[in-house]
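The values are calculated or read from the model by the stated rules, or taken from the named source; none is laboratory data. These numbers come from a predicted model, not from an experiment. Here Cβ is always computed from backbone atoms with ideal geometry, including for glycine, and neighbour counts include all displayed protein chains.
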Amino acid sequence: MKNFLYSALIAGLAASLSGCLNDDEHYTDFKNVGAVAEIPSSAFYGIEDNQGLSISTTPTSYTFDVNVASPTPPTQDVTITLSVDQATLDAYNTTNGTTYQLLPSTLYQISSLATTVKAGSRLAPIVVALYSGSDRVPDPGAYNDANYALPLKITSASNNVAISSNYGSKIIFAKIRNQYDGTYLAKGTFTHPVNGPRAINKEKTLATINLTTVQTEYADLGGSGWLMQLRVNSDNTVTLIPKGSANTGTIQFGTNKYDPSTKTYTLNYKYAGSGGDRVISETLTRE
């Protein structure tokens, strides 16, 4: 398996470096390239790494490897140094039309940005601690809205090891998720006093607000900016809180509960309007 992974890395790096170093020449080995420092997970899975963090005062430990790609393992120790690099994040935002912000230094800790690949081996770890507890993040919803990201880039490697221009960086996107956060299938009925009933059958994303609360679209009116927060109480009853453009006079009736065994919300609510009440009954089941 290790030989397969190494062969795959060699092939991928050789192909990418050929374009960077000489557009007229295709490298099939490293005789004209030498050893290259890179981040293997960026080569295989892309620069993005999405991390869902539980709400806990114990930080989430995240580890990734740096690699020395070469025809044979290095015969000397190679020290590879990384940095938190705003320019990498800026470039990503420009390319993708996103607005990620640099993760504040109080919300992560890196034991060392320098790691050593020992002679005869290829890999060495970088360990990152990501904080998500209420002691540092009193408002998980605001944390998620900020679109935080931690961009890391290889800045140097010892013993004449080059740095990969393709796979020399990684961006960790951090989101806080409570146990209710996820994608759900909403099914039910929206009954209009004049136009009659219409079916609700759609996917909804439930996003973390705090330890017990998520936010999603209200009925099937999310496209109009109608939102609702769903708080699971200690007895698994659910309190609905209108948000966004949603009618603040919303009334819950009948059964409003969360079933942890099936991960299903059962909701019944209504609001007044011209001609009478709009009545919604729906279930949201985690997919």
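Take segment 65-113 and flag every residue that is among the acidic types (D, E) and touching a Pro at 6+ places or on another chain (Cβ under 9 Å).
Of everything in segment 65-113, those that are among the acidic types (D, E) and touching a Pro at 6+ places or on another chain (Cβ under 9 Å) turn out to be D65, D85, D90.
Only residues that are surrounded by 13 or more Cβ atoms within 10 Å (Cβ to Cβ) and either without any contact (Cβ under 8 Å) to a residue 60 or more places away in the chain or small (G, A, S) (or both): list them for segment 57-83, please.
Answer for segment 57-83, where residues must be surrounded by 13 or more Cβ atoms within 10 Å (Cβ to Cβ) and either without any contact (Cβ under 8 Å) to a residue 60 or more places away in the chain or small (G, A, S) (or both): N67, A69, S70, P73, S83.
Restricting attention to segment 225-244, and to residues there that are surrounded by 13 or more Cβ atoms within 10 Å (Cβ to Cβ) and among the hydroxyl-bearing types (S, T, Y), which single residue is nearest to T208 (Cα to Cα)?
The selected residue is T239.
Just to be sure I understand, how many residues within segment 246-283 are farther than 24 Å from Q179 by Cα, surrounded by 13 or more Cβ atoms within 10 Å (Cβ to Cβ) and either more than 33 Å from the chain's Cα centre (by Cα) or of a type outside the set (V, I, T) (or both)? Before the answer, list the steps.
Our first condition is that a residue be farther than 24 Å from Q179 by Cα; within segment 246-283, this holds for 246-251, 253-254, 270-280.
The next check asks that each one be surrounded by 13 or more Cβ atoms within 10 Å (Cβ to Cβ); those that pass are 246-247, 250-251, 270-273, 277-280.
This time we only want the ones that are either more than 33 Å from the chain's Cα centre (by Cα) or of a type outside the set (V, I, T) (or both), so: 246-247, 251, 270-273, 277-279.
Counting residues in segment 246-283 that are farther than 24 Å from Q179 by Cα, surrounded by 13 or more Cβ atoms within 10 Å (Cβ to Cβ) and either more than 33 Å from the chain's Cα centre (by Cα) or of a type outside the set (V, I, T) (or both) gives 10.
Scan segment 88-111 for residues that are more than 23 Å from G133 (Cβ to Cβ) and more than 20 Å from the chain's Cα centre (by Cα) and report the count.
Going through segment 88-111 one residue at a time, the tally reaches 0.
The conditions are (1) under 16 Å from T58 (Cα atoms); (2) touching a strand residue (DSSP E or B) at 6+ places or on another chain (Cβ under 9 Å); (3) of a type outside the set (V, I, T), and N166 fails exactly one of them. Which is it?
So the condition that N166 fails would be (1).
Filter segment 149-163 for residues that are in a strand (DSSP E or B) and out of contact with any helix residue (DSSP H, G or I) (no Cβ under 7 Å at 6 or more places or on another chain); which is farthest from R177 (Cα to Cα)? Reasoning before the result, please.
Our first condition is that a residue be in a strand (DSSP E or B); within segment 149-163, this holds for 149-157, 162-163.
Now narrow it down to the ones that are out of contact with any helix residue (DSSP H, G or I) (no Cβ under 7 Å at 6 or more places or on another chain): 150, 152, 154-157, 162-163.
Working: L150: 17, L152: 23, I154: 29, T155: 32, S156: 35, A157: 36, A162: 38, I163: 35 Å.
Residue satisfying both the conditions and the ranking: A162.
Mind checking which residues of segment 47-93 are of a type in the set (D, E, K, R) and closer than 12 Å to A149 by Cβ?
Correct list: E48, D49, D85, D90.
Is there a residue being surrounded by 20 or more Cβ atoms within 10 Å (Cβ to Cβ), within 22 Å of S61 (Cβ to Cβ) and not basic (K, R) anywhere in segment 155-162?
Scanning segment 155-162, I find no residue that is surrounded by 20 or more Cβ atoms within 10 Å (Cβ to Cβ), within 22 Å of S61 (Cβ to Cβ) and not basic (K, R), so the answer is no.
Out of the residues in segment 183-211 that are among the β-branched types (V, I, T) and surrounded by fewer than 17 Cβ atoms within 10 Å (Cβ to Cβ), which is farthest from S42 (Cα to Cα)?
V194
Okay, residues lined up against (1) at pLDDT below 95; (2) farther than 20 Å from V68 by Cα:
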site: P138; (1), (2): yes, yes
site: A146; (1), (2): no, yes
site: K153; (1), (2): no, no
site: S156; (1), (2): no, no
site: K170; (1), (2): no, no
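Look at segment 176-195 and say how many of its residues are closer than 20 Å to D259 by Cβ and touching a Pro at 6+ places or on another chain (Cβ under 6 Å).
So the answer is 1.
Mind checking whether some residue in segment 30-44 is loosely packed, with under 15 Cβ neighbours inside 10 Å and closer than 26 Å to N147 by Cβ?
Within segment 30-44 (the criterion being loosely packed, with under 15 Cβ neighbours inside 10 Å and closer than 26 Å to N147 by Cβ), the answer is yes, since at least one residue qualifies.
Here is a list: Y6, Y100, Y27. Which entry is in contact with a helix residue (DSSP H, G or I) (Cβ under 9 Å, 6 or more places away or on another chain), at pLDDT below 90 and not basic (K, R)?
Result of the check over Y6, Y100, Y27: Y27.
Go through the residues of segment 172-182 one by one and say whether even a single one is surrounded by fewer than 18 Cβ atoms within 10 Å (Cβ to Cβ) and of a type in the set (S, T, Y).
Checked against the condition, which is being surrounded by fewer than 18 Cβ atoms within 10 Å (Cβ to Cβ) and of a type in the set (S, T, Y), segment 172-182 yields no hits at all.
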